[in-house]
1. Given the conditions (1) surrounded by fewer than 22 Cβ atoms within 10 Å (Cβ to Cβ); (2) modelled with pLDDT of 95 or more, and given that A:Leu173 satisfies all but one, which numbered condition is not satisfied?
2. Of all residues being under 15 Å from the mean Cα position of the chain (by Cα) and of a type in the set (A, V, I, L, M) in the stretch B:118-134, which is nearest to B:Gly34 (Cα to Cα)? Just the residue, please.
3. Any idea which of A:Ser49, A:Ser87 is free of Cβ contacts under 8 Å to residues at least 60 places away in the same chain and buried (at least 22 other Cβ atoms within 10 Å of the Cβ)?
4. For A:Phe83, indicate whether it is closer than 21 Å to A:Pro132 by Cα and in contact with a helix residue (DSSP H, G or I) (Cβ under 8 Å, 6 or more places away or on another chain).
5. If you take the residues in the stretch B:1-18 that are free of Cβ contacts under 8 Å to residues at least 24 places away in the same chain and among the polar types (S, T, N, Q), which one is nearest to A:Thr161 (Cα to Cα)?
6. Test B:Leu137 against the stated conditions and say whether it is over 14 Å from the mean Cα position of the chain (by Cα) and buried (at least 17 other Cβ atoms within 10 Å of the Cβ).
7. Can you name the condition, by its number, that B:Ser114 falls short on among (1) polar (S, T, N, Q); (2) on the phi > 0 side of the Ramachandran plot; (3) surrounded by 15 or more Cβ atoms within 10 Å (Cβ to Cβ)?
8. Have a look at A:Asp13, A:Asp111 and point out the one that is more than 9 Å from chain B (Cβ to nearest Cβ) and more than 19 Å from the chain's Cα centre (by Cα).
Protein chains: 2
Amino acid sequence: MKTFLIEELNDLDKRYRTNLINCLSGVKSLNLIGTKNNHGQSNLAIFNSVVHIGAHPPLMGFIHRPTSVERHTFENINETSFFTINSVTAAIHKQAHQTGARYEKSESEFDEVSLTEEYFDGFEAPFVQESPLKIGLELADIIPIPLNNTKLIIGRIKMLTLDEKHLRNDGFLSLSDQGIVGGTGLDSYLSTQEIGRYSYAKPDSPLDDIK
Amino acid sequence: MKTFLIEELNDLDKRYRTNLINCLSGVKSLNLIGTKNNHGQSNLAIFNSVVHIGAHPPLMGFIHRPTSVERHTFENINETSFFTINSVTAAIHKQAHQTGARYEKSESEFDEVSLTEEYFDGFEAPFVQESPLKIGLELADIIPIPLNNTKLIIGRIKMLTLDEKHLRNDGFLSLSDQGIVGGTGLDSYLSTQEIGRYSYAKPDSPLDDIK
């Protein structure tokens, strides 16, 4: 085992340190966020920081860094208030990674990486047709994180589309069974396999397996 | 494919809806957060919302819900300003799940689930000896999320211990190679396997595999 104190972390080469620190939070969600501006220009960007905020009301959030790649996503959400979160499968993970390139604002990542825009009645932001789990959200809050000028963007779920084959009787939706990937760091993609599901933990009771 | 509008989501049985909404954000990180209060009582709790906030300075955060299970963690962080984030492996995932039980404040989850407290010189919060990736943090900010009375707790990394066998030349730390698990929803544990790592995406350039 190797121990790093903060002083040693600060002395590391910047790119090495960025890679390492980005691996520490654990397995990451990977999602494509779809938006459109008021002129109809669509945008698609990969995010590895989407997080569950709450179920009642249904809220999801993501950390937005002040970088040029993500800026179009933020500008469009600010303009229109709507965005979509689309899961990344093994089948499209390389295309998802490619959306991270710094395309011009006039270029749509959908075209550039060959993913298909899909629209649902009454919801103006673009979904990713190839994604098996698509969520439409309306902006609910933008919370500044003064420590490093990032933001927590929170949306309220308005609609979602999923493959009911993977929906179990208790509302659990298997992601691993449909090839939805996770990530490590900034550039590693992971397939997943379920080890087990367990009952709600109680003191002095053994866990039951949920089949 | 099945589509739910928000009205239909709101009409679902509460437990069903909680399970479903908790699955939507994608593959989750799973971490054990270790704390101690000023009287020396240790606490350990599993969190599925740890997220990378930034690398310069190195910051990590997690969403704190206003529940009694997590309250001891929050109280201790408030009291002492220090906490640890410890990754969950397949070998200890059932013990990690069991820390979610509502133990009394006078009971330490370390004892209750048979995980071992480990301390490093100069850092007062307890680490999980069985975890191969242990991070010591100091509270940096508590950001309220008014929408649902949750909080984003942010810590600044002060030290970390890792297994250098899994550290690659560019600072990337493989989590899948050391059996660190991810999760889906509230109760599902996932093993992971690397599909690939890819170069930083650029417009009009093919992605290179990183070996």
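1. So A:Leu173 meets the others, but not (1).
2. By that ranking, first place goes to B:Val128.
3. Working: A:Ser87 fails: free of Cβ contacts under 8 Å to residues at least 60 places away in the same chain.
Just one listed residue meets the conditions, A:Ser49.
4. yes
5. That would be B:Thr3.
6. Spelling it out, it is not the case that B:Leu137 is over 14 Å from the mean Cα position of the chain (by Cα) and buried (at least 17 other Cβ atoms within 10 Å of the Cβ).
7. Result: B:Ser114 passes all but (3).
8. Values: A:Asp13 fails: more than 9 Å from chain B (Cβ to nearest Cβ).
Testing whether each residue is more than 9 Å from chain B (Cβ to nearest Cβ) and more than 19 Å from the chain's Cα centre (by Cα) leaves just A:Asp111.
The values are calculated or read from the model by the stated rules, or taken from the named source; none is laboratory data. Just so it is clear, the model here is predicted, and its values are computed rather than measured. No Cβ is skipped: glycine too gets one built from the backbone with ideal geometry, and neighbour counts run over all protein chains shown.
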